[in-house]
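Participant: If you scroll down you'll find the structure; I have some questions about it.
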Amino acid sequence: MSTPLEQDASSRTRDQWLDKTLRPLAWDEYIGQGTVKANMQVLLQAARERGHAPEHLLLYGPPGLGKTTLAHLVAKDLGAAMKVTSGPAIERVGDLAAILTNLGTNDILFIDEIHRLNKAVEEVLYPALEAGVLDIIIGKGPSARTIQLELPSFTLVAATTRIALLSAPLRSRFSGGVFRLEFYTNPEIEEIVRRSATILDVTLDAGAAEAIACRSRYTPRTANYLLKRCRDYAQVHKRELDTELVDEALDLLGFDHLGLQEVDRILLRTIVEKFAGGPVGLSTLAAATAEEEATIEEVYEPYLIRSGLLERTPRGRIVTVLGYEHLGLTPQQTTNQRSLL
Ligand code: ADE
């Protein structure tokens with residue numbers, strides 16, 4: 001069973017190890033997120049110059065945009081050790097107490113998926129963040145008493161894909177800043193693909209980098225994944241990694257020219273075919289596609305919205321004209337179909 005702190009590298013798969021290898025290790029290697037980077041660097045330099053641990057930071061945005069990487073860069077910048085855990089891994093108050101009491105002075109504590117912390121654990125976290133103390137209740141009933149442990153100074157860097165699920169009191173504890181990570185631009189993703197190709201010792205031309213970027217959902221994690229799969233394809237077929245190969249390999253993998261996978265197309269098609277293009281509510285859509293609401297909202301929708309294929313309105317989700325075109329349909333076709341029923 002894994003402990004609340006992340007498993008060590010020996011138990012990771014080779015792909016996870018490769019992902020770590022591709023991770024930027026210095027600010028100047030980190031491409032994109034310019035505003036977040038610039039703000040963080042000011043905060044870190046100011047804290048370093050004053051000899052303090054920086055205040056707590058929250059990073060949010062869709063998966064795969066580099067929240068964990070940024071946390072590592074914060075630790076590296078400060079020359080601090082980083083302990084890594086996640087909301088679901090901290091099941092009990094005792095788990096959090098163990099983590100906090102094992103921190104060294106000025107360590108970084110990274111909690112991924114912080115929106116999944118349970119209430120009891122969250123309550124214990126507040127005084128730790130605000131006053132640097134751990135309140136422990138000993139005993140039960142009338143004889144119960146609280147003892148307070150002084151914690152070393154530390155900085156919490158937390159990440160979430162779902163900022164709306166964080167309680168207001170928890171959100172307000174991130175006095176260092178709340179940073180929103182944006183989708184990357186295609187030129188930024190191309191640069192990331194070229195950097196990763198160099199690390200992986202893969203030769204690819206400009207067309208290939210662009211073709212991978214176009215299917216990468218503006219997301220570095222996806223770009224690196226697609227690059228690795230193209231490298232496999234080139235090796236197995238003993239071919240150059242060029243544009244033609246990228247198109248073949250990624251078509252086979254089920255990523256179309258906009259980076260949509262079958263599940264994305266099913267979502268769009270369901271709205272068009274079962275709900276006349278929308279509006280349709282999230283729970284209805286989840287039931288109709290057998291996907292979880294949270295997965296639709298966190299993983300699939302942000303990219304479909306950013307690509308202009310889907311709109312989120314107060315009355316529900318709507319497929320746009322671009323969305324219809326991507327499915328090879330026109331809005332007129334569904335209207336005609338409905339009038340035939
Ligand atoms: N690999 C993953 N994310 C990256 C980024 N933002 N910059 C450079 N390489 C990356």
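The values are calculated or read from the model by the stated rules, or taken from the named source; none is laboratory data. Worth saying up front: this structure is predicted, and the values here are computed from it rather than measured. With ideal geometry, Cβ positions are generated from the backbone for all residues, glycine too; neighbour counts draw on all protein chains shown. Surface accessibility is based on the protein's heavy atoms, side chains included, excluding ligands, DNA and RNA. Shrake-Rupley method; radii C 1.70, N 1.55, O 1.52, S 1.80 Å.
Participant: Tell me the net charge near Gly132. Cut-off is 13 Å between Cβ atoms, Gly132 excluded, with +1 for each Lys or Arg and -1 for each Asp or Glu. Spell out each step's value before the answer.
Facilitator: On the way: positive: Arg173; negative: Glu55, Asp107, Glu130, Asp135, Glu150.
That works out to -4.
Participant: Percent of accessible area on the chain owned by carbon and sulfur, 1.4 Å probe? Kindly include the intermediate steps, with their values, before the conclusion.
Facilitator: Numbers: 8930 of 17370 Å².
In the chain, the share of accessible area belonging to carbon and sulfur is 51 percent.
Participant: Kindly report, to the nearest 10 Å², the accessible surface of Asp15 as traced by a 1.4 Å probe over protein heavy atoms only.
Facilitator: 50
Participant: When every alpha-carbon pair in the stretch 81-194 is counted, what percent end up more than 18 Å apart? Don't skip to the end; give the middle numbers.
Facilitator: On the way: 3580 of 6441 pairs.
Everything past 18 Å amounts to 56 percent.
Participant: Please report, in whole Å³, the volume per residue of the convex hull around the C-alpha atoms of the chain.
Facilitator: Details: hull volume 59.2 nm³, N = 341.
It is 174 Å³ per residue.
Participant: Continuing with the same structure: For Lys83, Lys238, Lys119, write out the residues from largest to smallest accessible area, computed with a 1.4 angstrom probe and no ligands counted.
Facilitator: The residues order as Lys238, Lys119, Lys83, largest area first.
Participant: Lys pairs in the chain, Cα-Cα under 20 Å, at least 8 apart or on separate chains: how many?
Facilitator: Qualifying lysine pairs in the chain: 11.
Participant: Where does each of Tyr303, Tyr233 land when they are ordered by accessible area, with a 1.4 Å probe and the largest first? Numbers along the way, then the final one.
Facilitator: Values: Tyr303 10, Tyr233 40 Å².
Accessible-area ranking of Tyr303, Tyr233, largest first: Tyr233, Tyr303.
Participant: With every protein chain left in place, what is the accessible area per residue of the chain in square angstrom, probe 1.4 Å? Can you show the working numbers first?
Facilitator: Details: 17370 Å² over 341 residues.
That works out to 51 Å² for each residue.
Participant: Under a 1.4 angstrom probe, counting protein chains only, how are Thr203, Thr146 ranked by accessible area, largest first?
Facilitator: On the way: Thr203 115, Thr146 90 Å².
I get Thr203, Thr146, largest accessible area first.
Participant: For a bin width of 10 Å, list the pair-distance distribution of the stretch 186-253 built from all Cα-Cα distances, rounded to whole %.
Facilitator: Once binned at 10 Å, the Cα pair distances of the stretch 186-253 give 25, 63, 12.
Participant: Starting from the Cα gyration tensor of the stretch 159-308, take the square roots of the eigenvalues, sort them a ≥ b ≥ c, and report rounded, prolate or oblate (rounded when a/c is under 1.5, otherwise prolate if a/b is larger than b/c, else oblate). Could the numbers behind the result be given before it?
Facilitator: Working: a/c = 2.81, a/b = 1.38, b/c = 2.04.
Oblate.
Participant: Let me ask something additional. Work through the residues other than Lys119 whose Cβ is under 14 Å from its Cβ and net out their charges, Lys, Arg +1 and Asp, Glu -1. Let's see the in-between values first.
Facilitator: Numbers: positive: Arg92, Arg116; negative: Glu91, Glu122, Glu123.
Result for the local shell: -1.
Participant: Turning to a different aspect of this structure: Percent relative contact order of the chain, based on C-alpha pairs within less than 8 angstrom and at least six residues apart? It would help to have the intermediate numbers written out before the result.
Facilitator: On the way: 482 pairs, mean separation 51.6, N = 341.
Relative contact order here is 15 percent.
Participant: How big is the charge dipole of the chain about its Cα centre, in debye rounded to the nearest 20, if each Lys and Arg gets +1 on its Cβ and each Asp and Glu gets -1 on its Cβ? Before the final figure, lay out the partial values.
Facilitator: Details: 37 positive and 45 negative charges, 145 e Å.
Charge dipole of the chain: 700 debye, to the nearest 20.
Participant: Rounded to the nearest 20 debye, what is the charge dipole size of the stretch 256-319 about its Cα centre when +1 sits on each Lys and Arg Cβ and -1 on each Asp and Glu Cβ?
Facilitator: Values: 7 positive and 11 negative charges, 65 e Å.
That gives a dipole near 320 debye.
Participant: How far is it, in nm, from the label point at Gln235 to the one at Ala206 when both lie 7 Å from their Cα along the line to the Cβ?
Facilitator: It is 2.9 nm.
Participant: Take the Cβ-Cβ distance between Ala144 and Ala164 as r, set R0 to 30 Å, and report the resulting FRET efficiency rounded to the nearest 0.05.
Facilitator: Values: r = 35 Å, r/R0 = 1.17.
About 0.30, to the nearest 0.05.
Participant: Averaged across orientations, what area in nm² does the convex hull of the alpha carbons in the stretch 215-293 project? Can you show the working numbers first?
Facilitator: Working: hull surface 25.0 nm².
The directionally averaged projection comes out at 6.3 nm².
Participant: Which longest uninterrupted range of the chain lacks any GluC sites (Glu not before Pro) assigned by DSSP to a loop state (not H, G, I, E or B) and surrounded by at most 14 other Cβ atoms within 10 Å?
Facilitator: Working: sites that count: Glu91, Glu240, Glu292.
Between exposed loop sites, the widest span is 92-239.
Participant: On the full set of protein chains, 1.4 Å probe, figure out the accessible area of Phe275 and give it in Å² to the nearest 10.
Facilitator: It works out to around 60 Å².
Participant: For a bin width of 5 Å, list the pair-distance distribution of the stretch 262-339 built from all Cα-Cα distances, rounded to whole %.
Facilitator: 3, 17, 31, 28, 15, 5, 1
Participant: Any chance you could look up the accessible area of Ser172 with a 1.4 Å probe, heavy atoms only, rounded to 10 Å²?
Facilitator: Number for this one is 80 Å².
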